[in-house]
Every structure is written in structure tokens, then in C-alpha cells.
Amino acid sequence: MLPQANRLRHWRDFKAVYQKGIRRYGRHLTVRGLRLPRIIHEDVLSSDNSQLNRLSQPPTRIGISVSQKVSKKAVVRNRLKRQIRAALRQLLPRLKPGWYVIVGVRPNALECEYAQFLQELEQLLVDAEVINGH
């Protein structure tokens, strides 16, 4: 499981990402991302001007979408979701804050292994500028 703070759950958020977000396509996966606007907090306790208007971002939230076009069997779709969640857990510390991300699975992903998911997901997130490339 992903941490609760990093889960994209509400249909409004999914809808916003699908309508306004950027898209990056891979062979087995599709990544859609929407950058959230920065929130300005005024730190009352600080007298230093550099910390007075501190910019902070909410944590990146991630949703996974596996269509019935991929497989009619829920067992297969859930296995794919578990593999993608495990790959995302490894990449979570490197994600920039302030993004909504949806990972979509394409129908040819059935033959894909975990290592391929991890590599392709990392490359797509780098392309979308959700994580920094090396």
C-alpha cells in the first residue's frame, strides 16, 4: 500500500488530471500528471523575511488505473496494480511534492515483469518532470 497522504482517491481529482494534465506514453504504461499551484504560508513565529513567505507543497498523490480492456479478470488487474504500487513505493522518496499523478496500464502490460515496470515508470516520471533524472 502507498501511504495515505500519497493516495489519489476522489473522482474530481482524477477528472482534473485527465482534463488538464500532461501525458507521457510508454510501451506498457501511461503517466498523466497535473502540477498543483503553490500554497503560501505565513510563518508567524519567524522574524526572518526569507521564512516569512515560505512556499510549501502538498505531497504528491498517485492513482492507478487498470481498465477492463487490459484483462476481464479482476485477479489479473489487481496483480498489475500491486506490482505498480510496489514500484511506486521505491520511487516515492524521489518524487517532487505538489503533483497529482495517474498511472494507467496498457493492454500489452500482461507480459511485463516488475523490473520492466520499475524502469519504465521511472523513465516516464522523469519525462514528466515529476522526479529528477540522473
For LYS73, give me every one of the lysines with a C-alpha distance below 28 angstrom, ignoring sequence neighbours fewer than eight places off in its own chain. LYS15, LYS81
Share of the chain's accessible area from carbon and sulfur, percent, 1.4 Å? 50
All lysines inside 23 Å of LYS20 as judged from Cα atoms, apart from same-chain residues fewer than 8 positions distant: LYS96
Which of these values of Rg and Dmax of the Cα atoms in Å was calculated from the structure shown: (1) 15.9, 58; (2) 14.0, 40; (3) 16.7, 60? (3)
Compute the relative contact order of the chain as a whole-number percentage, counting only Cα pairs closer than 8 Å that sit 6 or more residues apart in sequence. 34
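The values are calculated or read from the model by the stated rules, or taken from the named source; none is laboratory data. Since the structure is predicted, the reported quantities are computational estimates derived from the model, not experimental observations. Quick note on the areas: whole protein, heavy atoms, side chains included, nothing else; ligands and nucleic acids left out. Shrake-Rupley method; radii C 1.70, N 1.55, O 1.52, S 1.80 Å.
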